[in-house]
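The values are calculated or read from the model by the stated rules, or taken from the named source; none is laboratory data. As the structure is a prediction and not an experimental result, all values here were calculated from the model. Don't worry about glycine lacking a Cβ; one is built from the backbone with ideal geometry, like all the others, and counts go over all protein chains shown. Accessible surface is based on the protein model in full, side chains and every heavy atom, while ligands, DNA and RNA are left aside. Shrake-Rupley method; radii C 1.70, N 1.55, O 1.52, S 1.80 Å.
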Amino acid sequence: MNQETTKRLRLLASVLSLLLLVAVLTIGWFFWRLRASVPQLEGTQGVNGLQAAVTITRDAAGVPTLRGRDRIDVARALGWLHAQERFFQMDLLRRSAAGELAELFGKRALNHDRSVRMHGFRRLAGEVTARLEPADRKVLDAYADGVNAGLAALRARPFEYLLLRASPQPWRIEDSILVIYAMTLDLQEDDGRYERSLMTLRDELGLEAIEFFNPLVLPQDAALDGTTAPLAPIPGPNRINLRAAKLSSAPAAEPSRFPFPAREPETVVGSNAFALAGAHTASGAALLANDMHLDLRVPNIWYRASLQWDAGAPAGNGAMHRVTGVTLPGTPVVVAGSNGRIAWGFTNSYTDTSDLVVVETMPGLDNWYVTPDHLEGVKVEQRKDVIRVKGAADVPVEYAWTVWGPIVGENDRGRPLALRWTAHDPAATNFRLIGLETAGRVEEAIAIAHATGIPTQNFVVADTAGDVAWTIAGRLPKRAGYDGRLPVSWAFGDRKWEGFVAPGEIPVVGTTVGARPAGIGSDGRIWSGNQRPLGGAALSVLGDGDYARPYRAAQIRDGLAALERATPRDLLAIQLDDRALFLAPWHALLMKTLTPQVAEAAKGRSALRGFAEPWEGRASTEAVSYRIVREFRIAVYTRMFGPIFASCTEAYPQFAWNSFQLEPAAWALLRERPMHLLAADYATWDDLLVGAIDDVVRAFDRAGVILPQANWGWRNRARIRHPFGNLLPGWMSNWLNMPEDPLPGGDDMPRVQSPNHGASERLVVAPGREEEGIFHMPGGQSAHPLSPFYRAGHAAWVRGEPTPFLPGETRYTLILVP
């Protein structure tokens, strides 16, 4: 080696050493800054505004118990904790609802902000704030002050802002209202997509198509009142005849939820809440179970807490209020849990809280339309706004508004469609939910639920007297002149909303409510799986907001029916029930179709048959047959319904046929096999089914999966990610995300589970016997990756291992002082 080469190698080694040193110093600096923002766990901290000291103890999982003099002090302390552990999550929630994510993320968030800014939730939040009850306002004032104090007490800004090169903005009272609107956007449509899909189905294929392909009442429903109805006749060839058509379509894709990935295309969303009266439990106390299924993220949507305060405590309850459950960071309220006298939980109701109004435009006059108060016409309002974009110029936006709401599309005649939505009315949003923290009986809780202003929910409650009940929490529109399922004109005043449904008209089902005007008695078993809850006159009050398929709810109902002398573990077993009863007929159809002769006729079929035949009957991680049958059903649906709805998808690209109640129609078609509803690509219905089998074979081939390894756990791996999980290098994103565990559970069973959607919490509790309660959560308490609580509880959630509802033994003590 000559001298010149040696010098070059030494120079290269020096450069590489320097680069390595720079990299080590950069990483060291980052972790130094990261550690500076770790939440405070112990010691004493001054907080302005406190009237007395608040003691915060945490257990090994980081679950806090807050003890203070009154609810105002406890709210201030909870805000302090939320800011320390979850401020970035709170910021994303308020910005998501306000359409202000582009200020943090730049152009990547612009589509989201354009869509959401139309609703004007920032302005509405101000109006809601002005209408708050004085007592609620005091709690929110204290909470907001506590948030800002907790943020200021961190030695460095939360690490997410370090990576974004941004500074966190102070928390305001209106931001807590925006958090409610963020949940509304997550739980309800904001564009009338379902109603537009029904409208398109009617326009393209006729009303009889709605009655057959998306009946409101099903033959196998699981309503609380037992209502069912036979399926309408198969539509005839005069309106739908596929033998001359060669079109097909897939269901519209799920919209993105920036900064999080979209759901899996086949995800079935849903939550469970159910209760047993004391007459059916071992202890004689009523039992409540609740697992609210949401998109799973890091950090988890909920923050566990146990709140205790002295003022106004009921006699005989240790002279102290105590409420334990899950809070939503950004708000000061225990959303679901138990206060020692009642326990409560929620599922999304899918009641109809929005309508599309056909706007009657005036010929020859651009942007003028007719209203009942202005038959001579009124001009469409153009609402202007500006979206601030990080690293780019501001983007002006403009939205057309009518007196009923924003224009979101048009019908087949080119008439505008305006969105009338309860969320646009400030009277529909409030913080009355906080009243549940001190309610004593089922009847009191029902009254609070009817007065509360949240996105409408199925509300299930149990009390220490052994009573249970179901009702709707939140505000329902009171319709006049129509049922709200399809768009209509409101131009002449004969069809309209007449405010909200009065509390006395909201249906209630329970053990003590039979005497109520809208009350229905119960045998002490209550269940909700997002299904249509009631029929008849009650259904006309609730409307149709795209209810879930009833098969999961039926499995819960039947599980409860088998229980006497039930314990919390019995209800947990129902929550963890992954039996695939819904798919059993599809397994039989697959095996009937895939005969040995058919299997031998093409490559891959014999192997598929061999692994499909032993039916596990559940969505366990080891199950192969479950995965095959699930894929087979999806393939049959695509081949069967894609051509039927092709004209609908062509007319409306967001046509959401996968949300329809298609299962009864699917089996009617497979039984009757009408040729006019079979695509021209097939000579027989058996050809369609064999084609679906080949789709499954090809899907496995494309995924590079060998059938012995094609178990459900391989397909259903957790994808519970931090917002930066897709933005940072692999090693860092893996450090921020939850482990990619194989997950049991699937569709149309109590244990609903997909990679990034499932139980955001599970709780089972009897009010007054909280020490026997059970709790799960898929992520830890803290959003800080250096916190000991970052992943606490995740493994128990995956495995379904019972863990306590109440906080455990104290490991850390922090005292907040005035």
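Structure notes:
- Of the strands (runs of 3 or more DSSP E) contained entirely in the stretch 382-477, those carrying at least 1 residues that are open to solvent by 30 Å² or more (accessible area, probe 1.4 Å) and modelled with pLDDT of 95 or more fall at 395-401, 407-410, 416-421.
- Where strands (runs of 3 or more DSSP E) fall entirely within the stretch 39-96, those with at least 1 residues that are crowded, with 24+ Cβ neighbours inside 10 Å are at 54-58, 64-68.
- Subset of the stretch 407-423 (residues that are over 19 Å from Thr184 (Cα atoms) and small (Gly, Ala, Ser)): Gly409, Gly414
- Conditions (1) surrounded by fewer than 19 Cβ atoms within 10 Å (Cβ to Cβ); (2) over 28 Å from Pro804 (Cα atoms): number failed by Leu542: (1)
- For the stretch 164-196, a tally of residues being in contact with a helix residue (DSSP H, G or I) (Cβ under 7 Å, 6 or more places away or on another chain), outside any loop (DSSP other than H, G, I, E, B) and not hydrophobic (A, V, I, L, M, F, W, C) returns 6.
- Apart from one condition, Arg719 fits all of (1) over 20 Å from Glu613 (Cβ atoms); (2) over 22 Å from the mean Cα position of the chain (by Cα); the exception is (2).
- Of all residues in the stretch 343-371, those satisfying the criterion of being more than 30 Å from Phe805 (Cβ to Cβ), modelled with pLDDT of 95 or more and assigned to a loop (DSSP other than H, G, I, E, B) are Asp352, Thr353, Val359, Glu360.
- In the stretch 55-70, the residues that are among the basic types (Lys, Arg) reach residues that are in a strand (DSSP E or B) with C-beta atoms within less than 7 angstrom, at least six apart or across chains, in these pairs: Arg58/Pro64; Arg58/Tyr812; Arg67/Val54; Arg67/Thr55; Arg67/Gln308; Arg69/Trp309.
- Filtered residue count, the stretch 739-757, keeping only those that are open to solvent by 10 Å² or more (accessible area, probe 1.4 Å) and in contact with a helix residue (DSSP H, G or I) (Cβ under 6 Å, 6 or more places away or on another chain): 2
- Looking at Gly337, Gly330, just one residue is modelled with pLDDT of 95 or more, under 29 Å from Ile173 (Cβ atoms) and assigned to a loop (DSSP other than H, G, I, E, B), and that residue is Gly330.
- Cβ-Cβ contacts under 7 Å between residues 6 or more apart (or on different chains), taken from a first residue in the stretch 371-393 that is closer than 30 Å to Lys107 by Cβ to a second residue that is in a loop (DSSP other than H, G, I, E, B) and acidic (Asp, Glu), are listed as Val386/Asp394; Ile387/Asp394; Arg388/Asp394.
- Inter-residue pairs, beta-carbon under 6 Å, first under 18 Å from Ala152 (Cβ atoms) and among the hydrophobic types (A, V, I, L, M, F, W, C) and in the stretch 167-192, second open to solvent by 30 Å² or more (accessible area, probe 1.4 Å) and assigned to a helix (DSSP H, G or I), 6+ apart: Trp171/Asn148
- Selection of the stretch 588-632 for residues being open to solvent by less than 20 Å² (accessible area, probe 1.4 Å), farther than 27 Å from Leu576 by Cα and either assigned to a loop (DSSP other than H, G, I, E, B) or in contact with a Ser or Thr (Cβ under 8 Å, 6 or more places away or on another chain) (or both) yields Leu594, Ala599.
- In the stretch 482-537, counting only strands (runs of 3 or more DSSP E) that sit wholly within it, the ones holding 1 or more residues that are among the small types (Gly, Ala, Ser), touching a Ser or Thr at 6+ places or on another chain (Cβ under 8 Å) and closer than 29 Å to Ser659 by Cβ span 525-528.
- Hey, Arg516 modelled with pLDDT of 95 or more and among the basic types (Lys, Arg) or not: no
- Output for the stretch 159-196, where each listed residue is open to solvent by less than 20 Å² (accessible area, probe 1.4 Å) and over 15 Å from Asp91 (Cα atoms): Thr184, Gly192, Tyr194, Glu195
- For the stretch 201-216, a tally of residues being open to solvent by less than 60 Å² (accessible area, probe 1.4 Å), of a type outside the set (Gly, Ala, Ser) and farther than 16 Å from Ala666 by Cα returns 3.
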